[in-house]
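Quick notes on the structure that follows.
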Amino acid sequence: MLKSLKFIDVNVDVSSVCNFRCSFCANAIRDQKTKKFMDIEMFELLLVKLIESMRFVNIHVIPTNGEFFLHPNLERIMELISFYKNVTFTVMT
């Protein structure tokens, strides 16, 4: 099915780690031991698979479970995204 699509929007959550404890957020009561960052190899594999099957990919990073900007490999994630000309990127906070 993906092969037939030309454009896709993908929401990616690369972090469940957050340095806030907002009262309205379920992440505030989550066990600290279960919080983690998406492995950089997993992100790269996801990106490559999407690009192989689409003409254009728009990646939305929506921090529903954590803070994107705390990811220890943030610079590498941005490098991977900017390497591909047919990938756009949006961070929603």
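The values are calculated or read from the model by the stated rules, or taken from the named source; none is laboratory data. Please read these numbers as outputs of a predicted model, since none were measured by experiment. FYI the Cβ positions are ideal-geometry reconstructions off the backbone, even for glycines, and counts take in every protein chain you see. The accessibility values were calculated without ligands, DNA or RNA, using every heavy atom of the protein model including side chains. Shrake-Rupley method; radii C 1.70, N 1.55, O 1.52, S 1.80 Å.
Net charge of the neighbourhood of V57, taken over other residues with C-beta under 13 Å away and scored Lys/Arg +1, Asp/Glu -1, is +2. Which parts of the range 43-80 would a label at V10 reach, counting a residue when its backbone N lies under 15 Å from a point 7 Å out along Cα-to-Cβ? Backbone N within reach: 43-62, 77-80. On the beta carbon distance between S23 and T90, with R0 = 22 Å, the FRET formula returns roughly 0.25.
If the limit is 25 Å between Cα atoms, which of K6/K49; K35/K85; K49/K85 go over it? Too far apart for the 25 Å limit: K35/K85. In the context of the full protein assembly, S23 retains an accessible surface of approximately 120 Å², using a probe radius of 1.4 Å and ignoring ligands and nucleic acids.
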